[in-house]
Amino acid sequence: MADPTTYRPKPGEIPTDPGVYRFRDAHGRVIYVGKAKSLRPRLSSYFQDITALHPRTATMVTTASSVEWTVVRTEVEALQLEYSWIKEFDPRFNVKYRDDKSYPFLAVTMGEEFPRAQVMRGAKRKGTRYFGPYGHAWAIRETLDLLLRVFPIRTCSSGVFKRATASGRPCLLGYIDKCSAPCVGRVTPEEHRAIAEDFCDFMAGNTTRFAKRLETRMKEAAAELDFEQAARLRDDIGALTKALEKQAVVLGDATDADVFALADDDLEAAVQVFHVRGGRIRGQRGWVVEKESEDLPTLVEHLLLQVYGDAERDAIPREVLVPTDPADVEAVTEWLSSVRGSAVSVRVPQRGDKRTLMETVRRNAEQSLARHKVARAGDLTLRSKALQELQDYLGLDDAPLRIECYDVSHVQGTNVVASMVVFEDGLARKSEYRRFIVRGAATEDGGEPATVDDTAAMREVLTRRFRRYLEDAEGAGDLDLSTGVVGGSADSPNSPDRSTGAESSGDDDEPSVSGPIDPETGRPRRFAYPPSLVVVDGGLPQVNAAQAVLDELGIEEVALVGLAKRLEEVWVPRDDHPVILPRTSEGLYLLQRLRDEAHRFAITFHRQRRSKAMTTSQLDGIPGLGASRQKALLRHFGSVKRLRAADTTDIMAVPGFGRSLASAVVNHLAEGAPQEPAVNLTTGEVLE
């Protein structure tokens, strides 16, 4: 632990202007981001008597080893910069809102030529309008099925749409008049887009004009004695009415508002929000947050930042009703108004229907917190127990909060790859996963590398990973970013660009994790954060090879074990006898999860590489010869064998081939292309 007095800046050096500050640990990782109306008193409060601080705040300042800040012009700019840095760096001591489930939205892809209505989860996409969130996907499908009678918008996938276009026949929905069938030209793109816009208007709450329009058309049809059309319009009105009945009217004055409520205890808080549009509840959503040292006004401020940080202007209502005012209500109100483009009111309802609705939302939050505590108690207890068992059985100084596991995958020494998976606090951190292509050591005569075995591959991967760690850690002291320096201030309010921060990313889209910034690229250094424990898949040979790498690089602070598959023994370096963990041990179960995840990640990458290798062509690698020109050559000559017998003049007869490209093809085939045809091992097809 660091002593806060060792990095405490002089009070006279800290400006009194608004700004954003960051605490970093010894490895340069951002662990906390905060903002202040005046930086001097706020930062000074962290360096008072440590016994007077909240336990979580005391842990943060003793974990940190430096502090830096950025001066901005206004409190709104500080709010925006704090939000962007929290998203970029994902600091461990900041409030993290976790959805208590994955919420589905009704999405309309207005960015496409023929907009499509569908159920969508996950990150929001540009050019798509979202309605919800809904509690269940079936609720969206029921509502959509009712509204397709009135708004026959396209709902099919791109593949179904293309097949219908090619065949000239619409799908079933087109035949039963629940789709306007733009795939076969029944409506023009402009007419279909008008249908989609009307559908979006109805979902946004502008319902009255559509019902009145249908009622007028029904009366006109009845007056003209077109009773069949009048009956159809009557059924359409019934469908609209039924869809509206599914959404309870909670505010009679057609109010647009988001209603937030909290239920909390000493450690956590549950948040619920009802999205009310046109007086009706259009969606509901919930989060759970570890609040600890955060007071309720700060929680509410961070909550509004998360909900509306990336929202489009039409997603922000005129009223935002909260259980207590945000910490800086004026700045939050000004920021929301600037995003919406018109005035937004952030207030606490005191009486009437809105106060009653707030109580309903609060009861939902209380139930959500109770469910979360029941579900999380066992999970948190078991994870803590697993880390404690590993500390005890392996004789570690501290619980291994960050564990990295490595595995090698290949088939008889070909397409050798390796994986690195990361668990933090007993949970997978997929944004930290890495994949390695094992190159092998070149022969003395400069030829192709020899076949690589598991031990040599493990040695190469660990050498590359920890050599990179040493290189990144060596430059971690200078972390200026042009936005603030340790113990100093900066004049520019510009925040650093966001970065993926991944050389070989994991298989989930997650926020990039903070770390030292490379001054050349402006991106986080990828391997600058060391593990507490390294696990290798294998027995004593793999463990000793890995330990030799750590010894060679002079790394002593990282513990190392191996997990053998046969009897699930845990091997430690230079010990002829393994550590046997009980079969029911949570620590052993955690190691098995790590090993299995590393194996899954490695074998997935290996299959990708092997599949790509089996479908390569002898014409690959020729500069200027892409897939289209390769096909043109094969169409003209019939096979690679005939092409190899051709000269430059023959190849120049193919459209698109000049003398230089034709010469390149002849030279490539003459110099070293294999004589035997390639075979796709999956299908048995001979690849010319």
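The values are calculated or read from the model by the stated rules, or taken from the named source; none is laboratory data. As the structure is a prediction and not an experimental result, all values here were calculated from the model. As a convention, Cβ positions derive from the backbone with ideal geometry for all residues, glycine included, and neighbour counts pool all protein chains shown. Just the protein is used for accessible areas: all its heavy atoms, side chains included, with ligands, DNA and RNA removed. Shrake-Rupley method; radii C 1.70, N 1.55, O 1.52, S 1.80 Å.
Placing pseudo-labels 7 Å out from each Cα toward the beta carbon at residue 430 and residue 366 gives an inter-label distance of 3.7 nm. Here the Karplus curve 6.51 cos²θ - 1.76 cosθ + 1.60, taken at θ = phi - 60°, turns the phi angles of region 318-323 into couplings of 6, 10, 10, 9, 10, x Hz, with x standing for Gly and Pro.
Solvent exposure of residue 219, expressed as accessible area, is near 120 Å², computed with a probe of 1.4 Å over the protein chains only. The residue list 320, 399, 372 was ranked by how far each Cα lies along the charge dipole of region 320-427 toward its positive end, using unit charges on Cβ atoms, and 320 comes out on top. Mind checking which of 52, 4, 21 is farthest towards the positive end of region 1-60's charge dipole, using Cβ charges of +1 (Lys, Arg) and -1 (Asp, Glu) about the Cα centre? Of the listed residues, the answer is 21.
Couplings for region 15-29, taken from phi via the Karplus curve 6.51 cos²θ - 1.76 cosθ + 1.60 with θ = phi - 60°, read x, 9, 7, x, x, 10, 10, 9, 9, 10, 8, 5, 9, x, 7 Hz in order; Gly and Pro are left as x.
Estimated translational diffusion coefficient (Stokes-Einstein, Kirkwood radius over Cα pairs, 25 °C, 0.890 mPa s) of region 529-585: 209 µm² per second.
Heavy-atom accessible area with a 1.4 Å probe sorts 141, 282, 56, 149, largest first, into 141, 149, 56, 282.
Divide the volume of the convex hull around the Cα atoms of region 45-98 by the residue count and you get 117 Å³ per residue. From the square roots a ≥ b ≥ c of the eigenvalues of the alpha-carbon gyration tensor of region 294-349, which class results: rounded (a/c under 1.5), prolate (a/b over b/c), or oblate? Taking the square roots of the gyration eigenvalues as a ≥ b ≥ c, region 294-349 is prolate. Taking 0.36 nm per residue of separation and subtracting the Cα-Cα distance, full extension of the segment from residue 212 to residue 659 would add 153.8 nm. Evaluated at q = 0.13, 0.18, 0.19 Å⁻¹, the base-10 log of the normalised Debye intensity for region 382-425, with identical point scatterers placed on the Cα atoms, takes the values -0.43, -0.62, -0.65.
Across region 351-365, rounded Karplus estimates of 3J(HN,Hα) from the backbone phi angles (6.51 cos²θ - 1.76 cosθ + 1.60, θ = phi - 60°) give 7, x, 4, 5, 5, 5, 5, 4, 5, 4, 5, 5, 5, 5, 5 Hz, Gly and Pro being marked x. Close amide H contacts of residue 536 (hydrogens built in the peptide plane, cut-off under 5 Å, sequence separation of 5 or more or a different chain): 406, 561, 562, 563.
For region 301-398, the gyration tensor built on C-alpha atoms gives a prolate shape. Its axis ratio a/c (a ≥ b ≥ c) is at least 1.5, and a/b is the larger of a/b and b/c.
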